[in-house]
Amino acid sequence: MTEETEKKPTRARAAKVEEAPTMNIYQRIAAISREAGALAPEAKGGVPFAFRGIDGTVAHLSGLLNQYEVFAVPQIQSHIITEREAGNNRIVKTAQVEVKYIFFGPDGDSVEVTTPGLADDFADRASAQAMSVAFRIALLQLFHLPTHTREPEETGEDVLQNRGAAA
């Protein structure tokens with residue numbers, strides 16, 4: 001490569017830079033939120049209820065985060081591990097974290113979101129799971145992803161109907 005070609009941006013890169021709109025981090029977050037749309041809960045893994053997991057949440061947003069050049073940097077504010085016996089000589093570890101995620105735009109502007117995470121595990125994964133919970137909460141709240149499911153108050157469904165049957 002000559003010195004001249006090293007300094008010249010490729011045509012594709014130059015076009016991308018010229019086409020990219022000038023947006024601050026708040027405008028980028030609003031655009032991502034608007035374009036992301038709903039993220040419906042899924043029932044999987046033998047869990048008897050539907051939820052929005054970390055994998056589905058990240059997959060739902062990653063293309064838009066890349067498109068709008070937004071990325072997150074985690075900063076652990078607190079990390080507490082406790083252990084308790086769960087029977088049969090098994091020990092369950094509980095990890096409780098509070099994480100500040102700083103979402104940056106390409107110009108260095110940022111927004112901070114602090115969220116908790118809590119997870120139990122019989123092995124060594126409680127901290128990683130708690131971090132995943134905290135990141136999922138940060139993404140869901142920052143980009144306020146709707147589920148397109150109606151709340152019990154809207155449907156008239158009795159939230160406690162199963163409790164009455166168990167009593």
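The values are calculated or read from the model by the stated rules, or taken from the named source; none is laboratory data. As the structure is a computational prediction, the values presented were derived from the model and not from experiment. Quick reminder, even Gly has a Cβ in these numbers, built from the backbone with ideal geometry, and neighbours come from all protein chains shown.
Structure summary
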| quantity | calculated |
| --- | --- |
| Any chance residue 61 is touching a residue at least 60 places away in the same chain (Cβ under 8 Å) and surrounded by 14 or more Cβ atoms within 10 Å (Cβ to Cβ) | yes |
| Segment 63-112, residues that are touching an Asp or Glu at 6+ places or on another chain (Cβ under 6 Å), charged (D, E, K, R) and under 30 Å from residue 31 (Cα atoms) | 100 |
| Residues within segment 18-42 that are closer than 30 Å to residue 144 by Cβ, part of a helix (DSSP H, G or I) and modelled with pLDDT under 85, tallied | 1 |
| Pick from segment 45-77, criterion out of contact with any Pro (no Cβ under 9 Å at 6 or more places or on another chain) and of a type in the set (Ser, Thr, Tyr), ranking: modelled with the highest pLDDT | 62 |
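Residue-by-condition table, conditions (1) modelled with pLDDT under 95; (2) out of contact with any Leu (no Cβ under 7 Å at 6 or more places or on another chain); (3) among the polar types (S, T, N, Q):
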residue	(1), (2), (3)
96	no, no, yes
102	no, yes, no
106	no, yes, no
109	no, yes, no
113	no, no, no
129	no, yes, yes
138	no, yes, no
142	no, yes, no
